Amino acid sequence: MGDETLTVTDNRTGRRYEVPIRDGAIAATDLQKITSDGPGSGLLSYDPAFLNTASCRSAITFIDGERSILRYRGYPVEELAERSSFLEVAYLLIHGELPDPTQHRQWVDAITHHTLLHENIKKLIDTFHHDAHPMGILVGTVGALSTFYPDAKDIFNEESRRLQILRLIAKMPTLAAFAARHAVGMPYAYPDNDLSYAGNFLNMMWKATELKYEPSPVLERALDVLLILHADHEQNCSTNVMRAVGSSHADPFSATAAAAAALYGPLHGGANEQVLRMLKEIGSVSKIPEYVKRVRSGELRLMGFGHRVYKNYDPRAQIIKKVADDVLAVTGRSPLLDIALELERVALADDYFIKHRLYPNVDFYSGIIYAAIGFPVEMFPVLFAIGRTPGWLAQWQEGLLDPEQKIARPRQVYTGPAERHLPGVRAEAISR
Ligand code: SDX
């Protein structure tokens with residue numbers, strides 16, 4: 001193997017350059033030395049949507065799209081989904097190591113005791129329209145939390161960061177459940193500290209007049225696994241936003257609100273909601289060939305299929321498919337699952353999907369489980385946001401503490417008009 005360098009010849013000038021290669025990448029700033037017209041004419045790298053650009057160095061999550069690998073801090077997601085809990089995984093993502101029993105107990109206890117919201121947040125939720133999308137309420141209320149915790153601005157104080165991280169992980173389910181209750185005109189069900197993280201969320205979603213809500217252990221575990229599977233995913237769109245907002249040294253509540261806003265998009269975390277709407281639109285297995293034809297023609301996208309990184313199976317989709325069986329054994333068979341399974345079978349045998357390397361992603365089956373558990377379809381991206389919060393926070397903190405990082409400010413290739421002047425203004429009159 002030769003030197004870890006790239007030799008570049010600029011044919012415009014005949015000059016040769018040696019560009020160092022580090023960890024399989026070149027530093028885009030090294031291209032600035034390749035000039036053709038004096039200082040300031042150095043080359044830029046042009047990469048809309050960052051198809052082939054690393055924005056950071058990260059030790060949190062590893063994905064291999066060709067081999068369908070997803071690891072959180074080196075642990076395969078399959079093992080964590082099988083043997084761990086969401087709060088244990090959240091600790092792992094943020095601290096880099098699994099907690100010992102004492103750390104785990106303190107972590108769970110701290111989060112359990114931060115689930116309450118200031119009563120004024122409830123009043124804020126009450127002001128939303130009755131049919132406000134819960135994701136819009138979540139984005140608004142997470143941002144509003146930054147005004148309740150001004151100490152969150154002290155981002156380089158480790159103890160303050162830990163407190164805000166606890167608050168955000170703890171309060172996301174409460175905000176989510178209160179948004180859902182608001183939509184149906186139900187009184188808010190307050191957190192029950194006797195329950196697990198997932199169990200308490202089900203309690204806040206569905207406690208009615210019973211004195212104590214008792215979650216189904218199967219649904220509680222299924223939800224915990226789904227949260228694990230959504231916990232982080234390296235530099236996805238919403239995480240990129242979290243890091244960018246964090247790079248301006250905004251507080252973590254404002255950064256999380258921005259990340260949630262990015263996740264809301266139907267191409268990202270909003271896809272699980274669109275999958276359910278798509279399956280309902282297809283309506284029956286017999287209608288699948290017609291629908292796939294519309295996708296092949298480019299008229300539609302098959303929601304829940306495709307991924308920027310996974311060009312084979314999304315490993316999370318595989319695990320979620322198994323969780324679906326456990327949930328449906330309790331909730332009863334879902335005709336939507338039958339349509340989804342047949343749609344997957346047809347799509348995977350179709351040359352359009354084979355050619356475009358499109359496979360089911362995390363959103364293809366998750367919505368079916370959420371629907372079976374009883375969540376309204378609008379809540380699906382909110383559930384994604386609850387799961388992704390520890391990942392956003394781990395990435396935010398890593399970016400903040402990375403000495404190679406500074407405020408995110410990309411360059412551009414200018415394609416607009418050359419200098420021109422308003423009518424009546426003579427060019428020479430303009431002093432430079
Ligand atoms: C998530 O990044 C992450 O890690 C995200 C995520 C996470 O955990 O954070 O994994 C979560 O967002 C999962 C993705 C959920 N979104 C969807 O399911 C929406 C449907 N999927 C697509 O819109 C698309 O596949 C994306 C957005 C997921 C990926 O888009 P890319 O990588 O930018 O690919 P592209 O849009 O450039 O498409 C490449 C080609 C195009 O065809 P051509 O123009 O080259 O002929 O593939 C086609 C696209 O039309 N294509 C699809 C398709 N996805 C891509 N055609 C039909 N159906 C689809 N779903």
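List of remarks:
- Rounded, prolate or oblate (a/c below 1.5 giving rounded, otherwise prolate when a/b exceeds b/c) for the range 120-225 by Cα gyration tensor: oblate
- Using alpha carbons only: equivalent-ellipsoid semi-axes of the range 1-123, gyration tensor based, whole Å: 46, 21, 13
- Span from the the range 168-195 Cα centroid across to the the range 378-409 one, whole angstrom: 22 Å
- Between the Cα long axis of helix 237-247 and the first principal axis of the chain there is an angle of about 70°, rounded to the nearest 10.
- Between TYR75 and PHE50, the contour length at 0.36 nm per residue exceeds the Cα-Cα span by 6.4 nm.
- If the Kirkwood radius is taken over C-alpha pairs of the chain, then at 25 °C and 0.890 mPa s the Stokes-Einstein diffusion coefficient equals 103 µm²/s.
- Most mobile of THR29, THR115, THR141 in a GNM of the chain (Cα contacts under 10 Å): THR29
- Comparing ALA262, ALA329, ALA340 in a Gaussian network model of the chain where C-alpha atoms under 10 Å apart are linked, the largest mean-square fluctuation is found at ALA329.
- Helix axis angle, 134-148 relative to the chain longest principal axis, alpha carbon, degrees: 80 degrees
- With Cα atoms, 0 to 90° folded angle of helix 315-331 axis to the chain main axis: 20 degrees
- Amide proton proximity set for PHE305, modelled H, under 5 Å, gap of 5+: ASN361
- Dividing the mean sequence gap of close Cα pairs (under 8 Å, 6+ apart) by how many residues the chain holds gives a relative contact order of 19 percent.
- The range 271-373: C-alpha gyration tensor shape, a/c 1.5 cut-off, then a/b vs b/c: oblate
- Dmax and Rg, reported as Rg then Dmax, of the range 96-158 (C-alpha, Å): 15.8, 45
- Cα gyration tensor shape of the range 263-307, rounded if a/c is under 1.5, else prolate or oblate by comparing a/b with b/c: oblate
- Whole-percent pair-distance distribution, where bins are 10 Å wide, for the alpha carbons of the range 1-46: 26, 54, 19, 1
- Of LYS212/LYS280; LYS122/LYS406; LYS123/LYS153; LYS153/LYS406; LYS171/LYS322; LYS153/LYS207, pairs whose Cα-Cα distance is over 26 Å: LYS212/LYS280; LYS122/LYS406; LYS171/LYS322; LYS153/LYS207
- Taking the fewest neighbouring Cβ atoms within 10 Å as the starting point, the ordered list for GLU378, GLU234, GLU210 is GLU210, GLU234, GLU378.
- For LYS287, the aspartates and glutamates whose Cα comes closer than 15 Å to its Cα, not counting residues fewer than 8 places off in the same chain, are ASP338, GLU342, GLU344.
Values quoted throughout were computed directly from the atomic coordinates according to the rules given, and no laboratory measurement underlies them. Keep in mind it's a predicted model, so treat the numbers as computed, not measured. Positions of Cβ are generated from backbone atoms using ideal geometry, with glycine treated the same way; all protein chains shown enter the neighbour counts.
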